[in-house]
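Below is one structure, written out as structure tokens; the observations come after it.
The values are calculated or read from the model by the stated rules, or taken from the named source; none is laboratory data. Source: prediction; values computed, not measured. Here the Cβ positions follow ideal geometry from the backbone for every residue, glycine too, while neighbour counts run over all protein chains shown. These accessible areas exclude ligands, DNA and RNA; they are computed on the full protein's heavy atoms, side chains included. Shrake-Rupley method; radii C 1.70, N 1.55, O 1.52, S 1.80 Å.
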There are 2 protein chains.
Amino acid sequence: MSTTPDVETMVSTVRGAAKRVTAAKRTVAEVLVEAHGHLTVDEITSAVQRQRPEVSPSTIYRILEEFEELELVVHAHLGQPAAVYHLAGIVHGHLTCEICQRTVEIPSSHFDALSRELLARYGFQLDRHHLALSGRCRACRDAGAGTAITSGATA
Amino acid sequence: MSTTPDVETMVSTVRGAAKRVTAAKRTVAEVLVEAHGHLTVDEITSAVQRQRPEVSPSTIYRILEEFEELELVVHAHLGQPAAVYHLAGIVHGHLTCEICQRTVEIPSSHFDALSRELLARYGFQLDRHHLALSGRCRACRDAGAGTAITSGATA
DNA sequence: TTAGATGCAAAGACTTTGCGCACTT
DNA sequence: AAGTGCGCAAAGTCTTTGCATCTAA
């Protein structure tokens, strides 16, 4: 039921919800489908503007909000202030290193036991789309805090 | 090693770090010690200003930053954009309901197994001070999304 | 045709920064 | 006395909102 949507599916969903299919929406959908990791609104905006320079950030926000209501995308808050978005259906957890800020995606199955425990003990239904944990990645731990950013930037 | 600090301990730590002990810092320390849950900067500011109206938010930010460097406090990002702060030593996880925004604190022991798994599998050292998960609390699940805010506000 | 979507600009929430004076040491 | 820390105000980042216009249906 939660397979990664493609552009056509997304377009159909929008249409099916009695919303309008616009060029901006189509482009955002394309960008999200082509992107592999998570993208900030800024990144999405830049990518969209490469094709359609007139599209404004506020429109991106509105489109993402709509896509989220339609359960086409989900967002998460990782280490940085700006939220990141990715397609729904790619259900996974995020491990963000608080030193180098890099994020690793891990299968959400790692959360199975915890999830069951939280439900049983607290009646709390874990949202598997928003799983974000912070800590220190191996590289930064090895480097001993501080001298961490060796190879790249955000993944 | 990580017992909850009291005001005196905090003051000593500040002094020991060759930082100055000011009225504002003392008041922030008091507020944090007296508070039981986590507080936003806004809440801390209001509480501090009740005693010292001249203290400005920017000072609170600077003091919290210093306290965090001294490992006296930690902050976490729960559902809302504003970060929340609490004393270090109160190591626990946070479960935030994405409907009613209420947060429950749970013992971090729930994360033991997951923590071991992440370390073994990814070399990722989970930061037990920043544990924040979102999902739906029992009340909101029972109420069936939407009609959720029945009793109170943020805990 | 007509209501939803967009673009632009302004406002809003949260946080950071610059600067000169006050206060701790 | 010396220099850190503070108050105030301005700027910065991320996000939301208002409104006139445009456009998908």
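Residue count for segment A:46-61 satisfying the condition of being within 14 Å of DNA strand D (Cβ to nearest atom), within 17 Å of the chain's Cα centre (by Cα) and either within 23 Å of A:Val104 (Cα to Cα) or without any contact (Cβ under 8 Å) to a residue 12 or more places away in the chain (or both): 1.
Residues considered: A:Arg128, A:Arg121, A:Arg102. Of these, the only one that is away from DNA strand D (no atom under 16 Å from the Cβ), in contact with a Cys (Cβ under 9 Å, 6 or more places away or on another chain) and basic (Lys, Arg) is A:Arg102. Name the residue that is least open to solvent (accessible area, probe 1.4 Å), counting only residues in segment A:131-144 that are part of a helix (DSSP H, G or I) and within 7 Å of chain B (Cβ to nearest Cβ). The residue in question is A:Arg141. Residue count for segment A:5-21 under the criterion of being open to solvent by 60 Å² or more (accessible area, probe 1.4 Å) and among the polar types (S, T, N, Q): the result is 2.
Limited to segment B:22-48, what total is found for residues that are of a type in the set (S, T, N, Q) and in contact with a strand residue (DSSP E or B) (Cβ under 8 Å, 6 or more places away or on another chain)? Total satisfying the criteria: 1. When you check B:Glu68 against the structure, is it assigned to a helix (DSSP H, G or I), within 14 Å of chain A (Cβ to nearest Cβ) and within 15 Å of DNA strand D (Cβ to nearest atom), yes or no? Spelling it out, B:Glu68 is indeed assigned to a helix (DSSP H, G or I), within 14 Å of chain A (Cβ to nearest Cβ) and within 15 Å of DNA strand D (Cβ to nearest atom). Within segment A:112-130, being within 7 Å of chain B (Cβ to nearest Cβ), touching a Leu at 6+ places or on another chain (Cβ under 9 Å) and surrounded by 15 or more Cβ atoms within 10 Å (Cβ to Cβ) holds for A:Leu114, A:Leu118, A:Tyr122, A:Phe124, A:Gln125, A:Leu126, A:Asp127, A:His130. In this entry, A:Leu95 is excluded by the filter for residues that are in contact with a His (Cβ under 9 Å, 6 or more places away or on another chain), away from DNA strand C (no atom under 11 Å from the Cβ), within 14 Å of another protein chain (Cβ to nearest Cβ) and farther than 26 Å from A:Lys19 by Cβ.
Within segment B:95-130, restricting attention to residues that are in contact (Cβ under 8 Å) with a residue 12 or more places away in the chain and assigned to a helix (DSSP H, G or I), the residue that is farthest from A:Gly123 (Cα to Cα) is B:Ser115.
Please verify whether B:Val73 is away from chain A (no Cβ under 14 Å), open to solvent by less than 70 Å² (accessible area, probe 1.4 Å) and within 14 Å of DNA strand C (Cβ to nearest atom), treating the condition exactly as stated. Yes. Can you tell me which condition A:Leu78 does not meet? The list is (1) within 30 Å of A:Ile99 (Cβ to Cβ); (2) open to solvent by less than 30 Å² (accessible area, probe 1.4 Å); (3) not in a loop (DSSP other than H, G, I, E, B), and all the others hold. Failing condition for A:Leu78: (3).
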